[in-house]
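The values are calculated or read from the model by the stated rules, or taken from the named source; none is laboratory data. The shown structure was predicted, so the numbers you read here are calculated from the model rather than taken from an experiment. So basically every Cβ, Gly included, is an ideal-geometry build from the backbone, and we count neighbours across all protein chains shown. The area values use the complete protein model at the heavy-atom level, side chains included, leaving out ligands, DNA and RNA. Shrake-Rupley method; radii C 1.70, N 1.55, O 1.52, S 1.80 Å.
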Amino acid sequence: MMGLFVAMYQLVDYSEKKDLVDRQRYQLVALSKAMTNAENGQRGYLLTGHVLFLDTLERGRDEASQAIAQLENGWAIDSATRSLLTKIKHLVQQKFNIMDKSVQVQIHAGEYAPHLSLSRDRGRELMKMIDGHLAQIDEQLIMQRQGFEQAIRNRIVVSVTVAIILGIVIISVLVFSYLNTTNLLGQVIENQAVAKQLSHQADHDLLTGLPNRRSVNVYLENTYELARIGSKQFAVFFMDLDGFKQVNDAYGHELGDALLIEVANMFKKILRQSDFLARQGGDEFVLVVSSYLHRLELTQLAHRLIQLFAQPVIVNGIPLEIGVSIGIAEFPHHGKNVKQLLHVADKAMYESKKNGKNRYSFGAE
């Protein structure tokens, strides 16, 4: 970045110096033009005797004096050039002295004086010398100008090169930042996914994908608070599979696990979205029904759950004879808190098993 600033500063500096050289070359042209105008004024007066031509002569003298002053103050004039400029200054003065003498002779003669031809010859000689010195100074200024032009081209090349390198660096930094940010974002998303998965695993049964015992407690506490505040009712179904141990003993735990997955899917097919089904552990399931009006709805739901096992459950092509024993507890009839409700539902489930299995029982009033 600093290299680019330096190159740009030098580019501006050399451009300004080149402009100064051009201005001084312009002053050389202005000096030559001023001398020509002065000569024209002199000749016009000598030929016509009209005093208006003397104004042209004086205007040329002033312009020549101004041009010489500008050149003397010029930045591009070195010692060698200044020596030539001093010679030019003396030659110009001599030139104007000769022109002034010729004018004076003409004024006193009253008419064109033929004897002035000698002064004209001397004036031409001086003008040639002046033009020659001006050409030498111009050559030196041209060389300076060419040097500045070359320096400007070099600085342009440097500026463009540095700008390209800087652009590549900036693009590289941006690409690196983008890739780094993308990678970081990917890691964040991956971490969030892992955290979500771990959170899901902490709250759900790995086998069936249903909420686990921990989720049951949290859900029941929330449901209990809402029901207590809103004076509403909800029910807890405690369900245990009948014949599951015999399946495990006969076919192994692998088929038993497949049976639990199939049973969980069968339960979910007949439940509503508002119902909460969880695996309490082993072959035990908990169902929370938080939206009902009459106990008849609970008995109908219990019948549908039991009816699922009216036919053998087919798992891996094997028909399995199982059933479900259900215990039901209602809030607030069977308990004033979650712990009481679970205890009542569990006790009612054992009543169902004792009374023949594959049936439902409500908690004691």
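Observations
- Cβ pairs under 6 Å, 6+ apart, first in region 148-177 and aromatic (Phe, Trp, Tyr), second assigned to a helix (DSSP H, G or I): Phe148/Tyr14; Phe148/Lys17; Phe148/Lys18
- Here is the figure for region 314-329: residues that are in contact (Cβ under 8 Å) with a residue 24 or more places away in the chain and over 60 Å from the mean Cα position of the chain (by Cα) total 11.
- Glu221 vs. criteria under 49 Å from the mean Cα position of the chain (by Cα) and not β-branched (Val, Ile, Thr): yes
- Among residues of region 53-81, those that are part of a helix (DSSP H, G or I) and closer than 17 Å to Val29 by Cα, counted: 15
Okay, residues lined up against (1) open to solvent by 30 Å² or more (accessible area, probe 1.4 Å); (2) polar (S, T, N, Q); (3) under 30 Å from Ala227 (Cα atoms); (4) assigned to a loop (DSSP other than H, G, I, E, B):
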position: Val286; (1), (2), (3), (4): no, no, yes, no
position: Gln300; (1), (2), (3), (4): yes, yes, yes, no
position: Ile306; (1), (2), (3), (4): no, no, yes, no
position: Ala310; (1), (2), (3), (4): yes, no, no, yes
position: Ile314; (1), (2), (3), (4): yes, no, no, no
position: Ile326; (1), (2), (3), (4): no, no, yes, no
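- Answer residue from region 269-281, given it is without any contact (Cβ under 8 Å) to a residue 24 or more places away in the chain and either farther than 22 Å from Ala348 by Cα or among the small types (Gly, Ala, Ser) (or both) and is least open to solvent (accessible area, probe 1.4 Å) among those: Ser274
- Yes/no for Asn97 being open to solvent by 60 Å² or more (accessible area, probe 1.4 Å), in a helix (DSSP H, G or I) and within 16 Å of Met127 (Cβ to Cβ): yes
- Residue, surrounded by the most Cβ atoms within 10 Å (Cβ to Cβ), within region 211-246, restricted to residues that are of a type in the set (Asp, Glu) and touching a strand residue (DSSP E or B) at 6+ places or on another chain (Cβ under 9 Å): Asp240
- In region 332-351, of all residues being buried (at least 18 other Cβ atoms within 10 Å of the Cβ) and under 60 Å from the mean Cα position of the chain (by Cα), the one that is farthest from Gly363 (Cα to Cα) corresponds to Val338.
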